[in-house]
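Heads up, the thing below is written out as C-alpha cells.
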Amino acid sequence: MAEHGENNGKPVFDKPKIELHVHLDGAFRIETILDVAKRRGITLPVLDTMRDLCTVAEPSSLTEFLGKFHHYMHVIAGDREAIKRIAYEFVETKAKEGVIYVEARYSPHLLANSCVDPIPWKQKQGDITPDEVVHLVIQGFNEGEKAFKTKARSILCCMRHEPKWSMDVIELCKKYRDDGVVGIDLAGDESLNCESNPDHKKAFEMCPISSRLTGACDPDFTKHPLIRFKQDNANYSLNTDDPMIFNSTLNLDYQVAQKYMGFTEEDFKRVNINAAESCFLPAKEKKELLDQLYKAYDMLKDTSF
Ligand SMILES: [Zn+2]
C-alpha cells in the first residue's frame with residue numbers, strides 16, 4: 001500500500017482511536033515470524049521473499065488472500081512463546097498507532113496442535129490446546145496492556161469450514177468471558193458476524209484497504225460504500241482487518257478515508273465515539289473508554305453538565 005503512504009507516515013488523525021475488526025493472525029510482524037522460525041529450526045525464505053509471499057499488493061480474490069496464511073501460520077502455531085509474543089507485540093503495534101482499545105479476533109484452533117481435528121498447517125501433534133491458546137493470548141494482551149496502556153480484548157472465531165470446532169469456541173467464550181474474551185465471530189464470511197452482547201449497539205466494521213485488496217468492493221476508493229455510510233450518518237468503525245497481509249497500518253486506512261472519501265477530523269472523532277459505543281466491553285469500562293475519548297477530543301459530554 002506504499003502508494004497511499006503519504007504525509008510521510010504522519011498520522012492523519014493523531015488522537016486516541018478504537019479498532020474493532022482486526023485479525024490477530026493477520027497482524028503478526030514478518031520479522032517475528034522469521035525470528036521464531038530460526039529458533040524452531042523451520043526453514044523459511046528471506047525477509048523480502050517472505051514479505052512478497054505473505055502480502056497482497058493488488059486487488060485480488062478472497063481465495064488468494066486465504067492462501068497467504070499457509071506461508072506463516074505453521075511457524076507461530078503450536079509454540080507457547082511465539083503465541084504469547086505475537087499477542088504482546090500486537091498491543092505494542094496498536095499502541096504506536098494511537099489505538100487505546102482494540103478487539104482482536106482469531107481462531108484458537110488455528111494456533112493449536114492438540115485437541116484439534118484436523119491439526120492445522122500440517123503440524124505434528126503437540127500439547128497446545130485451543131484452550132491454552134486463548135490463555136496465552138490473554139497473557140500477552142495483559143502484559144502488553146501493562147507496558148503500553150492499550151487495552152486488547154479477544155473475539156474468538158468459529159471457522160466456516162470446520163463447524164465441529166464451534167462448540168469448543170462457544171465453551172471457551174464462556175470460560176474466559178470475565179477474563180478477556182468479549183465476543184464470538186464466524187470467520188470466513190465477514191458479512192455474517194454473530195457476535196452477541198446485551199449492551200451491543202450494532203455497527204458496521206469498515207476496512208477500506210482490506211475491502212479493496214480482497215476484491216470485496218470496487219477498487220476505486222471514491223466509489224467505496226463508506227462514503228454513503230458517512231453521508232447517512234450510519235454507525236460504523238474504521239479498521240485494518242489484516243494489516244500484515246495488506247502491508248498496511250490503521251493510519252493508512254485513515255489516510256484513504258481522508259484523501260478519497262472526504263473524512264474530516266470531526267468525522268474521525270465521530271467514527272471513534274461510535275466504535276467505543278459499539279464495542280463489547282462491559283458497561284463500566286465502556287463508559288471509561290468514552291470519557292477518555294471525549295476528553296482527548298475536547299468534547300464535553302452533554303449529559304454530564
Ligand atoms: Zn475480517
I'd like to compare 285-294, 210-219: which one has the highest average count of other Cβ atoms within 10 Å, and what's the full order after that? 210-219, 285-294
Residues with beta-carbon under 11 Å from that of Leu250, excluding Leu250: net charge, scoring Lys, Arg +1 and Asp, Glu -1? -1
Taking amide hydrogens as modeled 1.01 Å from N in the peptide plane, which residues meet the under 5 Å criterion relative to Lys151, leaving out close sequence neighbours? Tyr101, Val102
Give me, ordered by chain and number, the residues 5 or more places off Arg105 or on other chains with an amide H under 5 Å from its own placed amide H. Val22, His23, Leu24, Ile155
Where is the GNM fluctuation largest for the chain (alpha-carbon springs, 10 angstrom cutoff): Lys175, Lys284, Lys15? Lys284
Dipole magnitude of segment 238-305 about its Cα centre (Cβ charges: Lys, Arg +1; Asp, Glu -1), debye to nearest 20: 140 debye
Per 0.36 nm of contour for each residue apart, how much would the distance between Arg39 and Asp117 grow if the chain were fully extended, relative to their Cα-Cα spacing? 25.4 nm
If contacts are Cα pairs under 8 angstrom and at least 6 residues apart, what is the relative contact order of segment 1-104 in percent? 48 percent
Pop out the ³J(HN,Hα) list for segment 140-153 in order, Karplus 6.51 cos²θ - 1.76 cosθ + 1.60 with θ = phi - 60°, rounded to Hz; leave Gly and Pro as x. x, 4, 5, 5, x, 5, 4, 6, 10, 6, 9, 8, 10, 10
Enter the angle in degrees (range 0 to 90, nearest 10) between the Cα long axis of helix 30-40 and the first principal axis of the Cα atoms of the chain, meaning the one along which they spread out most. 20 degrees
Please compute the contact order of the chain in relative form: average sequence separation of alpha-carbon pairs under 8 Å and at least six residues apart, divided by the residue count, as a percent. 24 percent
The residues Trp121, Trp165, sorted from fewest to most surrounding Cβ atoms within 10 Å, come out as Trp121, Trp165
How much mean residue ellipticity at 222 nm does the chain get from its helices, if each DSSP H run of length 4 or more adds -39500 (n - 2.57) and you divide by all residues, to the nearest 500 deg cm²/dmol? -12500 deg cm²/dmol
Among Pro108, Pro282, Pro208, the residue with the largest mean-square fluctuation in a Gaussian network model of the chain built from Cα contacts under 10 Å is Pro282
So what J values fall out for segment 209-223 if you push phi through Karplus, 6.51 cos²θ - 1.76 cosθ + 1.60 with θ = phi - 60°, rounded to Hz, Gly and Pro as x? 5, 4, 5, 6, 6, 8, x, 6, 8, 3, x, 7, 4, 6, 10
So what's the net charge close to Val271: Lys and Arg +1, Asp and Glu -1, counting the other residues with Cβ under 12 Å from its Cβ? -2
Could you check which residue among Ala187, Ala87, Ala234 shows the biggest mean-square fluctuation in a GNM of the chain with a 10 Å Cα cutoff? Ala234
Sorted by chain and number, the residues with a modelled amide H under 5 Å from that of Tyr236, at a separation of 5 or more or across chains, are Phe204
Whole-number percent relative contact order across segment 92-142, with pairs defined as alpha carbons under 8 Å at least 6 apart: 28 percent
Could you pull out every one of the lysines with an alpha carbon less than 19 Å from that of Lys230, ignoring same-chain neighbours closer than 8 positions? Lys17, Lys201, Lys202, Lys259, Lys269
What's the center-to-center distance, using Cα atoms, between segment 19-46 and segment 69-101 in Å? 7 Å
Loop-only check: which GluC sites (Glu not before Pro) in segment 1-98 are DSSP coil with at most 16 other Cβ within 10 angstrom? Glu6
Using the count of nearby Cβ atoms within 10 Å as a rough guide to exposure, how do Arg105, Arg40 rank from fewest to most? Arg40, Arg105
Within 14 Å, Cβ to Cβ, of Lys174, how many net charges do the neighbouring residues add up to if Lys/Arg are +1 and Asp/Glu are -1? -3
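Quick note: the coordinates plus some simple rules give every number you see, no bench work behind them. It should be emphasised that the depicted structure is a prediction, and the values quoted were computed from it without experimental measurement. Every residue, glycine among them, receives a Cβ derived from its backbone with ideal geometry; neighbour counts consider all protein chains shown.
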